[in-house]
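K.L.:
Just passing along the structure, written as structure tokens.
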Amino acid sequence: PTCEDLDPVRYITNRSSGKMGYAVAEAAARRGARVILITGPTALETPAGVERVDVRSAEDMRRAVQERFPQSSIAIFAAAVADYRPAEPHTQKLKRGKDELTLHLEPNPDILAEAARNKGDRLVVGFAAETDHVAENARKKLAAKNTDLIVANDVTAEGAGFDMDTNIVTLFARDGRDLPLPKLSKREVAERILDEVVRLRSAALPARPAVV
Ligand code: C5P
């Protein structure tokens, strides 16, 4: 998740635990990738062999991504970025009062869409947490965000989504393949995402010249 501060003691966030993103980072490191994990606040331990960059807000995350995206060959965006942030965060604690309080929120940048716009030959994976029309929304996101793969889940399904150890996803690939997966551990989902990344990457790479 990201945390969007309202004042020094209060913030807006969401129910993401970070488990899916950490599982992907761990699986990639286990396969021998050099992994940079840009993470919002979580209670999780850093997976072995992973370089961890801690951020708090979407704006911090955007800066960290902008800095490191150019060094990457594969970028996987599993963060649950807050869509809105307080327009005027207070530097001092807001006092309790008797009147109604209206919060003015402004939209956060779409970190994935921004980075993927100039992705070059990087392979970019996005996530989509949906509550309805999963396939339709995922296919739209694939194009709108210029990604190669969208990992979509219906967060209302039992055994899927926030703060669980399991997930039920469908992988929608740029080349038209839809791969629905059964309920799996997030660890196993991470492996299947990486298998799909490897498949797309191998298809994109020129055939190796024969050694004579
Ligand atoms: O549009 P939506 O939020 O459903 O898209 C989800 C995907 O976009 C996820 O991969 C998420 O990490 C990314 N995202 C982002 N910045 C935002 C919102 C979503 O990078 N502000």
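K.L.:
What is the number of the single condition among (1) closer than 26 Å to SER57 by Cβ; (2) assigned to a loop (DSSP other than H, G, I, E, B); (3) out of contact with any helix residue (DSSP H, G or I) (no Cβ under 7 Å at 6 or more places or on another chain) that ASN146 does not meet?
P.N.:
Of everything listed in (1) closer than 26 Å to SER57 by Cβ; (2) assigned to a loop (DSSP other than H, G, I, E, B); (3) out of contact with any helix residue (DSSP H, G or I) (no Cβ under 7 Å at 6 or more places or on another chain), ASN146 misses just condition (3).
K.L.:
ARG139 - would you say it is touching a Phe, Trp or Tyr at 6+ places or on another chain (Cβ under 8 Å) and without any contact (Cβ under 8 Å) to a residue 40 or more places away in the chain? Lay out the reasoning, then the answer.
P.N.:
Numbers: touching a Phe, Trp or Tyr at 6+ places or on another chain (Cβ under 8 Å): yes; without any contact (Cβ under 8 Å) to a residue 40 or more places away in the chain: yes.
Criteria met by ARG139.
K.L.:
Using the structure shown, decide if PHE162 is within 24 Å of ARG15 (Cα to Cα) and either touching an Asp or Glu at 6+ places or on another chain (Cβ under 6 Å) or not in a strand (DSSP E or B) (or both). First the steps, then the outcome.
P.N.:
Details: within 24 Å of ARG15 (Cα to Cα): yes; either touching an Asp or Glu at 6+ places or on another chain (Cβ under 6 Å) or not in a strand (DSSP E or B) (or both): yes.
In short, yes.
K.L.:
Restricting the first residue to segment 170-189 and requiring it to be over 14 Å from VAL134 (Cα atoms), which pairs with a second residue that is basic (Lys, Arg) and surrounded by 17 or more Cβ atoms within 10 Å (Cβ to Cβ) meet a Cβ separation below 6 Å and a spacing of at least six or different chains?
P.N.:
LYS186/LYS19
K.L.:
A follow-up question, please. Residue check, ALA129 against (1) within 13 Å of the ligand (Cβ to nearest atom); (2) in contact with a strand residue (DSSP E or B) (Cβ under 7 Å, 6 or more places away or on another chain); (3) at pLDDT 95 or above, all met but one. Which one?
P.N.:
Result: ALA129 passes all but (3).
K.L.:
What are the residue pairs meeting all of these: first residue in segment 3-28, first residue part of a loop (DSSP other than H, G, I, E, B), second residue of a type in the set (Phe, Trp, Tyr), Cβ atoms under 9 Å, and 6 or more apart or on different chains?
P.N.:
Between residues of segment 3-28 that are part of a loop (DSSP other than H, G, I, E, B) and residues that are of a type in the set (Phe, Trp, Tyr), the close pairs are CYS3/TYR11; ASN14/PHE162; ARG15/PHE162; SER16/PHE162; SER17/PHE162.
K.L.:
Condition check: assigned to a loop (DSSP other than H, G, I, E, B) and either within 29 Å of LEU6 (Cβ to Cβ) or in contact (Cβ under 8 Å) with a residue 60 or more places away in the chain (or both). Does ASP99 satisfy that? Step through it out loud before you land on a result.
P.N.:
Working: assigned to a loop (DSSP other than H, G, I, E, B): yes; either within 29 Å of LEU6 (Cβ to Cβ) or in contact (Cβ under 8 Å) with a residue 60 or more places away in the chain (or both): yes.
Considered against the rule, which asks whether it is assigned to a loop (DSSP other than H, G, I, E, B) and either within 29 Å of LEU6 (Cβ to Cβ) or in contact (Cβ under 8 Å) with a residue 60 or more places away in the chain (or both), ASP99 comes out as yes.
K.L.:
Further, regarding this structure: May I ask you to list the residues in segment 162-179 that are of a type in the set (A, V, I, L, M, F, W, C) and modelled with pLDDT of 90 or more? Working first, answer last.
P.N.:
Initially, segment 162-179 is screened for residues of a type in the set (A, V, I, L, M, F, W, C), giving 162, 164, 168-169, 171-173, 179.
Scanning segment 162-179 gives ILE168, VAL169, LEU171, PHE172, ALA173, LEU179.
K.L.:
Check whether at least one residue in segment 33-40 is in contact (Cβ under 8 Å) with a residue 60 or more places away in the chain, touching a Pro at 6+ places or on another chain (Cβ under 9 Å) and away from the ligand (no atom under 14 Å from the Cβ), and report yes or no.
P.N.:
From segment 33-40, those in contact (Cβ under 8 Å) with a residue 60 or more places away in the chain are none; that's our starting set.
For segment 33-40, residues in contact (Cβ under 8 Å) with a residue 60 or more places away in the chain, touching a Pro at 6+ places or on another chain (Cβ under 9 Å) and away from the ligand (no atom under 14 Å from the Cβ): absent.
K.L.:
Any idea how many residues of segment 64-94 are within 13 Å of the ligand (Cβ to nearest atom) and without any contact (Cβ under 8 Å) to a residue 12 or more places away in the chain?
P.N.:
Taking segment 64-94 as the starting set, the residues that turn out to be within 13 Å of the ligand (Cβ to nearest atom) are 64-66, 69, 75-85.
So of that shortlist, the ones also without any contact (Cβ under 8 Å) to a residue 12 or more places away in the chain come out as none.
Qualifying residue count for the region: 0.
K.L.:
Moving on to the next point. Identify the single condition in (1) assigned to a helix (DSSP H, G or I); (2) closer than 25 Å to ARG34 by Cβ that ALA79 does not satisfy, given that it satisfies every other one.
P.N.:
Exception for ALA79: condition (1).
K.L.:
Let me ask something else about it. Please enumerate the residues belonging to segment 157-169 that are more than 19 Å from HIS133 (Cα to Cα) and of a type in the set (Val, Ile, Thr). Quick ask: steps written out before the conclusion?
P.N.:
So in segment 157-169, the residues more than 19 Å from HIS133 (Cα to Cα) come out as 163-166.
Answer for segment 157-169, where residues must be more than 19 Å from HIS133 (Cα to Cα) and of a type in the set (Val, Ile, Thr): just THR166.
The values are calculated or read from the model by the stated rules, or taken from the named source; none is laboratory data. Because the structure is a prediction, the values reported are computed rather than measured. Backbone-built Cβ (ideal geometry, glycine too); neighbour counts: all protein chains shown.
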